[in-house]
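Novice: Take this structure, written in structure tokens, and hold onto it; I'll ask about it next.
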Amino acid sequence: MAEVAGTGEEHGWTGAGRAPATVRTGGAAPTGAAPPGTAPVREVSAVPGRLHASARGDGLGAPTVVLINPNTAVDTTATMAAIARRTLGPEVGVRGVTVARGPRMLTDPAALRAAAGEVATAGRQALAEGRCRALLVAAFGDPGVTELRGLALRAAGGPVPVVGIGEAALLEAAASGRPFGIATTTPRLAGPVVERVAALGLADRFTGLRLTEGDPEQLAAHPESLHEALAGAVRACVAEDGARAVVIGGGPLAEAAEVLRARFETPVIAPIPAACRRIARLLGVESPAGPAGHPRAPDPDVRR
């Protein structure tokens, strides 16, 4: 069924060295007509700082992915690790680790910057403990990814791939030149998100960022409200901005992203599965089939 987004407050943000990118609240329509050719929207337990093993697929000799949650919400770690296991299948083990210090949800640039050091510490420990074949950083801002790649290059068993969910999801969304938008809940991270898009060289394909209204943590505490708020942002990305794929921006939004993937005909990119597909390719293991309409993105260099 076709849906038309409502109206609301419009925001603008300009990243360094690029044209202005649009940042708006969820249902806010940009000034003027919708982009030409826009299609209608169709909906069709752990201890912080310690590793905890997967209940399956973590047998002797199996490649093991260590998923690092850059916030301190242990329940979020468990949710994201479960999604990673479902995506990677039984041949690849998954271990989750929750950083030792920080907020339960990263909602501002200062928290994102502080998380980088905690992620590096957790990654260093995972590499030292062994049996780590890949590191997955499970926050959309990819905190600590650069530092971890330096550490992973010097791992005792040889270089270890490091994948951030933000990078993986954005590259998958933009594959084959596809225009894409982002739907998320954290307005104070709009700037860093748009900067990340530009840093990956994807600004020319970026149709804008849509934000839900209200406090991100309160919204996350009410799953049904979260799903509906994000669904409104997805609709606006497609109907008003001309996106042909929409990324759900946030590790703690992983479960909501899974729900929304089934609701829309337009591809909705869930960051955890996107990162897992990239890791599977880097490890040379069979990659489970991705959702229809998600082109394969180019593999990153582990040294990047």
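Novice: How about the range 124-220: which trypsin sites (Lys or Arg not before Pro) there are in a DSSP loop, with at most 13 other Cβ atoms within 10 Å of their Cβ?
Specialist: Answer by residue number: R154.
Novice: Let me spell out the model: positive unit charges on the Cβ of Lys and Arg, negative unit charges on the Cβ of Asp and Glu, origin at the Cα centre of the range 100-232. What dipole size does that give, in debye rounded to 20?
Specialist: For the range 100-232, the charge dipole is close to 560 debye.
Novice: Apply 1/(1 + (r/R0)^6) to the Cβ-Cβ distance of V285 and S176, taking R0 = 25 Å, and write down the FRET efficiency to the nearest 0.05.
Specialist: The value I calculate is 0.55.
Novice: For the range 209-252 and the range 93-144, compute the distance between their C-alpha centroids and round to whole Å.
Specialist: 24
Novice: Using only the Cα atoms of the range 166-252, build the gyration tensor, take square roots of its eigenvalues as a ≥ b ≥ c, and label the shape rounded, prolate or oblate: rounded if a/c is under 1.5, else prolate if a/b is larger than b/c, else oblate.
Specialist: Working: a/c = 2.11, a/b = 1.56, b/c = 1.35.
Cα axes put the range 166-252 in the prolate bin.
Novice: If you don't mind, there's one more thing I want to ask. So if I take the alpha carbon set of the range 124-270, get Rg, then get Rh from the Kirkwood formula, what is the Rg over Rh ratio? Present the calculation step by step, with values, prior to reporting the outcome.
Specialist: On the way: Rg = 16.2 Å, Rh = 16.0 Å.
Ratio of gyration radius to Kirkwood radius: 1.02.
Novice: In Å², what does the accessible area per residue of the range 71-189 work out to with a 1.4 Å probe? It would help to have the intermediate numbers written out before the result.
Specialist: Working: 4100 Å² over 119 residues.
Accessible area per residue: 34 Å².
Novice: Suppose R0 equals 41 Å; then what is the FRET efficiency for R188 and R86 from their Cβ-Cβ distance, rounded to the nearest 0.05? Present the calculation step by step, with values, prior to reporting the outcome.
Specialist: On the way: r = 31 Å, r/R0 = 0.76.
The value I calculate is 0.85.
Novice: For D215 and A110, calculate 0.36 nm times their separation in residues minus their Cα-Cα distance, and state this gained length in nm to one decimal.
Specialist: So the chain would gain 36.1 nm between D215 and A110.
Novice: Continuing with this model, one more query. Mind checking the range 85-139 for GluC sites (Glu not before Pro) that DSSP puts in a loop (not H, G, I, E or B) and that have at most 15 other Cβ atoms within 10 Å?
Specialist: E91
Novice: How many percent of the accessible area of the range 79-123 is carbon or sulfur, using a 1.4 Å probe?
Specialist: Values: 960 of 1690 Å².
Whole-percent figure for carbon plus sulfur exposure: 57.
Novice: Follow-up question, since we're still on this one. When only C-alpha pairs under 8 Å and at least 6 residues apart count, what is the relative contact order of the range 125-198, in percent?
Specialist: It comes to 30 percent, rounded to a whole number.
Novice: Using label points projected 7 Å from each Cα along Cα→Cβ, tell me how many nm separate L153 and S225, to one decimal.
Specialist: 4.6
The values are calculated or read from the model by the stated rules, or taken from the named source; none is laboratory data. Here the structure is a predicted model, which means the values were calculated and not measured. In this analysis, Cβ positions are derived from the backbone assuming ideal geometry, glycine residues included, and neighbour counts consider all displayed protein chains. Just so you know, the surface numbers come from the protein's heavy atoms only, side chains and all, with ligands and any DNA or RNA stripped out. Shrake-Rupley method; radii C 1.70, N 1.55, O 1.52, S 1.80 Å.
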